[in-house]
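Below is one structure; the comments refer to it alone.
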Amino acid sequence: MPKQKTHKGISKRFKLTATGKVKHKKAFRGHRLSHKGGKRTRQLRIDGVLNSTLQTATVVDALRPGV
């Protein structure tokens, strides 16, 4: 029987913490930062955490398909 594979697109965008939360980079940080305020760009540097349990379960399932 073939092995289940990790979803590579999700593995590049999300990381799991030790407590099981899902971290991700925030959007709108790639370019055109000159018209965005300093407070906004500082807050975009901090990683976000998924709040929805349904989304978290989907990401965890894709990252650890064998579990």
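Quick notes on this structure:
- Taking every DSSP helix (H) stretch of at least 4 residues in the chain, weighting each as -39,500 (n - 2.57) and dividing the sum by the residue count yields a mean residue ellipticity at 222 nm of -10000 deg cm²/dmol.
- Placing +1 on the Cβ of every Lys and Arg and -1 on the Cβ of every Asp and Glu, with no other charges, gives the chain a dipole of roughly 440 debye about its Cα centre.
- Checking every one of the trypsin sites (Lys or Arg not before Pro) in region 19-67 against DSSP loop status and a limit of 15 other Cβ atoms within 10 Å picks out 21, 25, 26, 29, 32, 36.
- Using only the C-alpha atoms, the convex hull of region 8-63 corresponds to 91 Å³ per residue.
- Selection from 58, 20, 10, by position along the positive dipole direction of the chain (Cβ): 10
- Rounded to the nearest 10 degrees, the inclination of helix 53-63 to the longest alpha-carbon principal axis of the chain is 60 degrees.
- Entries of 3/23; 15/39; 5/39; 3/26 with Cα pairs more than 28 Å apart: 5/39; 3/26
The numbers here are math on the coordinates, done by the rules we state, and not lab data. Everything numeric in this text was worked out from a predicted model, so none of it was measured. All Cβ positions, glycine included, derive from the backbone under ideal geometry; neighbour counts span all protein chains shown.
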